[in-house]
1. Residue under question is residue 295, and the condition is that it be surrounded by fewer than 24 Cβ atoms within 10 Å (Cβ to Cβ), of a type in the set (S, T, N, Q) and either out of contact with any Pro (no Cβ under 8 Å at 6 or more places or on another chain) or not assigned by TED's automatic domain parsing to the domain that holds residue 199 (or both); does it hold?
2. Kindly indicate whether any position in segment 96-117 is crowded, with 20+ Cβ neighbours inside 10 Å and either part of a helix (DSSP H, G or I) or outside the structural domain of residue 347 (by TED's automatic domain parsing) (or both).
3. Quick check on my filter: what residues within segment 422-448 are of a type in the set (Lys, Arg) and farther than 20 Å from residue 519 by Cβ?
4. How about segment 202-243: which of its residues are among the charged types (D, E, K, R) and out of contact with any His (no Cβ under 7 Å at 6 or more places or on another chain)?
5. Test of understanding: among 101, 83, 107, which residue is among the β-branched types (Val, Ile, Thr) and within 19 Å of residue 161 (Cβ to Cβ)?
6. Inspect all residues belonging to segment 362-383 and state whether any of them is free of Cβ contacts under 8 Å to residues at least 24 places away in the same chain and part of a helix (DSSP H, G or I).
7. Of a type outside the set (Val, Ile, Thr) and more than 29 Å from the chain's Cα centre (by Cα): does that describe residue 116?
8. Exactly one of these conditions fails for residue 589: (1) assigned to a strand (DSSP E or B); (2) of a type in the set (Lys, Arg); (3) surrounded by fewer than 15 Cβ atoms within 10 Å (Cβ to Cβ). Give me its number.
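The values are calculated or read from the model by the stated rules, or taken from the named source; none is laboratory data. Everything quoted here is computed from the prediction, not taken from an experiment. Glycine gets a Cβ as well: all are built from the backbone with ideal geometry, and neighbour counts include every protein chain shown.
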Amino acid sequence: MNNLKNQSFPSISEQAWTEKAEQSLKGKSVESLQTTTYENIILKPLYTRQDECQVPEYPGGSDFRRGIYPLGYLTNNWKVAQILSYQSVEDLQARLKQAFIKGQTAISFHVSNSVLGGKQNLGKVLGDSYKRYPFSIDAKELQSTFLSELEGIVEQEDAGEKISGYIGSDPVAIFAKEGVISEAFLKDWGKNISKSAVKFPNLRTILIDTSAYHNGGASAAQELGIAIAEGIFYLEQLQDSGMDLDTIFTKMIFQFSIGSNFFMEIAKLRAARVLWSRVSSVYGANEDSSRMNISVETSTYTKTIHDPYVNLLRAGNEAFAAVVGGIQYLHVSPFDELTCVTSISDRIARNTQLLLKEEAHLQKVIDPAGGSWYVEHLTNELAEKAWGFFKHIDGHGGMLEVLKSKWLQQEIEAVSEKKIRDIQTRRKSIVGTNVYANLDEVVTYKNLPEKNSYFANDENSLINIEAIPNRRLAEPFEELRKKSANLEGKVGSKPTVGMICLGGLKQHKARLDFMKGFLAAGGLEAIISNSVITIEDARQFVLEHPASHYCLCGTNDQYEIMGHDILKILKTEYPERSFYLAGLPEKEKQDLWMDEGIKQFINVKSNCYETLLSILSELEVGKVEETKA
């Protein structure tokens, strides 16, 4: 045992590692393993001491990248702030009471007019909970009403100082998301912030929420640049109205959505604090007031309607990244939030946080990412990219101007298009949606009621812009599944594509499996032939399984041996039917296949979404023509 304890691994130089790695890469360089992110950051395959960054030795000071408190969660644990949905005031009252019993540590719920129908309603919901728990509420357009009613509740006991947490609103984010805002609302918002600073000295009310941009497809660098630009916009607006600088800083809370790129999201939160520390230093705020408080929610952009249980894993991954990155408030989305939230999904979402606290013991670890060569390097690079984006916003006149001119919308759209293209081509996977889709799954689609703009009946002057779309990455494929389900409803069976399998199982299985997965992403079922050895086998299969679309599956050798002959016969006998080829023939052979009747080569480089959309659209047209006939 002593000998074992004294053993150590030999020290290996980076050069030796590189040489060994390139041997396994069969001639390619290690640089070929580098990847470029949506933030235009190049990620290396290996980070070493050469990449070490100068970082603060301890958390709670300097640039705050390591957290805003010296002892992290040991002294200031993050708040479990699950946002509660409800049917009535009584329902919310009961849900909030139960949530506290089961581990909730912040008052958090969707704000609606039903709750704010008089201080009696809000008072009934809150009880005396505001004396024991902080608020974690995005009140949106109803912030003024909420604060006014809360003031009426607490004034009898002179308990304004006991109100803590945040009840915030972000007018610019509302503007970006809805595409309209009232000038009067912007002015009144500033007055309400100043007023509430006196009534509720320990409550944060200035929300900088980047979720609208995140859900529009923005990169992490863009989100951070926007957050800084918004923060400075509010800072200068409120300073101009006479509000004290340090007071403004203490009233701010930043809200981020956390996506699926684990290390990038950790770096995003750390970089946010670095950037805000830079801003506070430039403006001359004192260190205590400039500590960046962060509220986060797991992303809706990454969630899916199909195979919703995978959302459990997504939310868990995102929550883990958030906690490691350093936060003050966390909402974990229920796995079925896109269809119908249930009591079990609510419970699992809340317990995800409790598991991270109590079982993973993350509440007992101070800055777990600190000192990681990769994370620290990524934090620095992301901070610089974000600062550059902020300067572009500032150079174009600030947040309102870049929204009015559509510059910001276009910048986000450019990144969003890259993300969507990667999903459509399956370069990036969404498990249960564009890969490993379950054809037997029964899905109930939730029709969301159209939300009328808060400013629809506002007689004051309105500012209108092009709204930033609220997206999810899975939506293109979910639309395909809807098309497929509609076709199934009309004909009584799933839309199909016939698979003509050339040669024995060993010769066609690989491409057959690929095609089954490819088609399933659009709700299309593969009808599989027996092993096709002769032309007659293929003719018999097509005769017995009539379809409008077929695909040849086999090895390249099988294609040359019998594929051409089979295609010629079938295309002659069934000229109206479409034929595809699984795989990608050599370039010099592709024209021949196309001339013989192959419509498309389906392979790993194909745009899965566009291919399936084309097939489903043709099936829809065929069904319409059949109905007319």
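1. Against the criterion (surrounded by fewer than 24 Cβ atoms within 10 Å (Cβ to Cβ), of a type in the set (S, T, N, Q) and either out of contact with any Pro (no Cβ under 8 Å at 6 or more places or on another chain) or not assigned by TED's automatic domain parsing to the domain that holds residue 199 (or both)), residue 295 does not qualify.
2. Yes, some residue in segment 96-117 is crowded, with 20+ Cβ neighbours inside 10 Å and either part of a helix (DSSP H, G or I) or outside the structural domain of residue 347 (by TED's automatic domain parsing) (or both).
3. Answer for segment 422-448, where residues must be of a type in the set (Lys, Arg) and farther than 20 Å from residue 519 by Cβ: just 446.
4. 204, 209, 230, 236, 240
5. 107
6. There is no residue in segment 362-383 that is free of Cβ contacts under 8 Å to residues at least 24 places away in the same chain and part of a helix (DSSP H, G or I).
7. Here the answer is yes, as residue 116 does meet what is asked.
8. Exception for residue 589: condition (1).
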